[in-house]
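The values are calculated or read from the model by the stated rules, or taken from the named source; none is laboratory data. Fair warning: this is a prediction, and the values are worked out from it, not measured in the lab. All Cβ positions, glycine included, derive from the backbone under ideal geometry; neighbour counts span all protein chains shown. Side chains included, ligands, DNA and RNA excluded: accessible areas come from the protein's heavy atoms. Shrake-Rupley method; radii C 1.70, N 1.55, O 1.52, S 1.80 Å.
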Amino acid sequence: MLTDAENNLLCRVEGEAAMGQMMRRHWLPACMSEEVREPDGTPVRVKLLGEDLVAFRDTEGRLGIVGEFCPHRRASLVYGRNEECGLRCLYHGWKVDVEGNVVEMASEPPESRMAEKVKHVAYPTQEAGGFVWVYMGPAAEMPAFQSPAFAPNATTKVSIVKMMVPTNWAQILEGAIDSAHSSSLHSTDMPPARVNSNTVSNDGLWQRPSTDKAPRLQVQLTSYGLRYAAIRRPIFNAATHNYIRTTVYVAPITVLIPPNNKYSLVQLSAPMDDTNTMFYFVAWSDGEGIDQETFRKLCGAQVGIDVDHEYRKVRTRENNYKQDRKAMRLGDFTGIRGIPNQDMAMWETMGKIADRSNERLGASDVAIVQFRRLMLDAVQRFQRGEPALGTGEQALAHVTLRSFEGVVPKESNWRTLGASAEELASYPGEELAPPVPAAAE
């Protein structure tokens, strides 16, 4: 359990909130590249860490992330004209470029030279893995940009689901590192089967080789976050083998979820403000993978069908997530279509910011407890002037990080499964998190 003060420290990201300030020391996803694909195309509204922004690609293809509101009279630049290497406000014709320079002031006489005295909010950008990334922290502390784990090379196939969730970022991230819930909540979409590993069936189900709903969890702390293993009994060779799924948390908002036989999976929880999050679910592969529209259909996240063009869901708490009780009577466990929608129903019904002082945690919550301890310790260290978790000299190249899934002999060391030589070399000791007993905290 957490106290109210700890809960607020963990969840709140707006303004001077310490967690948000620590996140500003990282590169964060602002939007998908497809949203700003066209030079001089439609500007895109972005909200991150409580700050209203607008993304656009200028005439020369350069990406800009600038403050949404014109520095003149604060009209929204989302509705502005994207033309001639700048975003022109409709109200008085002021135009800003991708670096925040005010390059034209149609309403001011040229001799005033006022444009030279005005600088608009603008942040550095990078593009990789199907995303536009932004750095919103102090320039002196900006880390070198590195490609995310799901973009190890230029040919990697990436498919992205995007959905807005009206709840805080930590609530969503805790769902991503909670392996135990998948055996219940997602049991219709991830059924047990007589297979050797997590296998995509012809009808799109993610079959897994275990009926075990109570995994044993072990956690390893790392310089970038944590890794943990969910260890289950397999259907075959249970006396000699384990079914292991390892999950990798890369601070502050990325979780590498165990893959299936066709593609790997990543979840990003980008905090829009204290109580709203932009959820991204990424399928990536250097092979055939899954195409974007098929992935969105599988997840119940097609634009214009399941979400609107602002990525707001049609399945909401107000309409009970369009839950189908008839389907439940016929064997569907949740009656809610799409794995992300099932998760969101659980996250949202916990409240905008869940009351973590009123929980009853058990052995299956070990990774969640360690995530909270890790992030509260990290943000307190940051407040004392130490570098943000996952930055500085100890930062590993994210493209070397991998999750793992498979049936392995019981004597296998799960800490080596999916881990690169670079990662293994960075931890000469075990670096294990202290155990958390059942009914912890």
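Taking the Cα-to-Cβ direction at D308 and at D377 and moving 7 Å from each Cα, how far apart do the two end points lie in nm?
About 4.4 nm separates the two model spin labels.
Taking region 246-301 on its own, what percent of its Cα-Cα pair distances exceed 18 Å? Before the final figure, lay out each step's value.
Numbers: 622 of 1540 pairs.
That tail contains 40 percent of the Cα-Cα pairs.
Heavy atoms only, probe 1.4 angstrom, no DNA, RNA or ligands counted: give me C70, C85 ranked by accessible area, highest first.
Details: C70 5, C85 35 Å².
Most to least solvent-accessible, the answer reads C85, C70.
To make sure I understand the rule: partners must be aspartates and glutamates, Cα under 15 Å from the Cα of K262, and not fewer than 8 residues away in the same chain. Which ones qualify?
D203, D286, E288, D291, E405
How much of the accessible area of the chain, in percent, comes from carbon and sulfur atoms when a 1.4 Å probe is used?
Details: 9590 of 19100 Å².
With neighbouring chains kept in place, the figure for the chain is 50 percent.
With all protein chains present and a 1.4 Å probe, how do E141, E174, E318 order by accessible area, largest first?
Values: E141 95, E174 15, E318 160 Å².
So, going from the largest accessible area down, we get E318, E141, E174.
In the Gaussian network model of the chain, springs joining C-alpha atoms below 10 Å, which of K117, K162, K262 carries the largest mean-square fluctuation?
Highest fluctuation of the listed residues: K117.
Skip the ligands, DNA and RNA, and give the accessible area per residue of the chain with a 1.4 Å probe, whole Å².
On the way: 19100 Å² over 441 residues.
So the chain comes to 43 Å² accessible per residue, rounded to a whole number.
May I have the extent of the alpha carbons of region 118-186 along their three principal axes, as whole Å values ordered from largest to smallest?
55, 33, 21
If each residue of separation counts as 0.36 nm, what is the full-extension length gain between T240 and R216 once their alpha-carbon separation is subtracted?
On the way: separation 24, 0.36 × 24 = 8.64 nm, distance 1.61 nm.
Contour length minus Cα-Cα distance gives 7.0 nm.
Given a Förster distance of 41 angstrom, what is the FRET efficiency for V200 paired with N358, based on the Cβ-Cβ distance and rounded to 0.05?
Details: r = 39 Å, r/R0 = 0.94.
Efficiency computed from Cβ-Cβ geometry: 0.60.
When Lys and Arg each count +1 and Asp and Glu each count -1, what net charge do the other residues less than 15 Å away from E16, Cβ to Cβ, add up to?
-1
Got a sec? What order do L389, L87 fall in by accessible area at 1.4 Å, biggest, i.e. largest, first?
Values: L389 30, L87 0 Å².
Largest accessible area first, the residues go L389, L87.
Let me check the size of the chain from its C-alpha atoms; what are the radius of gyration and Dmax in Å?
Cα-based Rg and Dmax for the chain come out at 22.7, 84 Å.
Ignoring ligands and nucleic acids, what accessible area does F404 show with a 1.4 Å probe (Å², nearest 10)?
Around 50 Å² of this residue is reachable by solvent.
Starting from the Cα gyration tensor of region 170-228, take the square roots of the eigenvalues, sort them a ≥ b ≥ c, and report rounded, prolate or oblate (rounded when a/c is under 1.5, otherwise prolate if a/b is larger than b/c, else oblate). Show your work: numbers first, answer last.
Numbers: a/c = 2.11, a/b = 1.86, b/c = 1.13.
It is prolate, given that a/c is not under 1.5 and a/b is the larger ratio.
Rounding to the nearest 20 debye, state how big the charge dipole of the chain is about its Cα centre with +1 on each Lys and Arg Cβ and -1 on each Asp and Glu Cβ. Can you show the working numbers first?
Numbers: 48 positive and 55 negative charges, 273 e Å.
Computed charge dipole of the chain: roughly 1300 debye.
Just going by the charge dipole of the chain, with Lys and Arg at +1 and Asp and Glu at -1 on Cβ, which of G304, F145, L417 is farthest out on the positive end?
Positive-most Cα among the choices belongs to L417.
Do any of K47/K117; K297/K410; K162/K322; K213/K297; K297/K352; K157/K326 go past 29 Å between their Cα atoms, and which?
Numbers: K47/K117 27 Å; K297/K410 38 Å; K162/K322 19 Å; K213/K297 27 Å; K297/K352 27 Å; K157/K326 37 Å.
Checking Cα-Cα distances, K297/K410; K157/K326 exceed 29 Å.
Pulled fully out, how much extra length does the chain show between T349 and E411, if you take 0.36 nm times their separation in residues and subtract their Cα-Cα distance? Walk me through the numbers on the way to the answer.
Numbers: separation 62, 0.36 × 62 = 22.32 nm, distance 4.07 nm.
Contour length minus Cα-Cα distance gives 18.2 nm.
If a/c stays under 1.5 just call it rounded; otherwise compare a/b with b/c (prolate if a/b is bigger, oblate if not). Do that for region 189-306, with a ≥ b ≥ c from the square roots of the Cα gyration tensor eigenvalues.
Details: a/c = 2.14, a/b = 1.21, b/c = 1.77.
Oblate.
Does region 233-368 classify as rounded, prolate or oblate by the C-alpha gyration tensor (a ≥ b ≥ c root eigenvalues; a/c under 1.5 gives rounded; else a/b over b/c gives prolate, otherwise oblate)? Spell out each step's value before the answer.
Numbers: a/c = 1.31, a/b = 1.18, b/c = 1.11.
Judged from the Cα gyration tensor, region 233-368 comes out rounded (a/c under 1.5).
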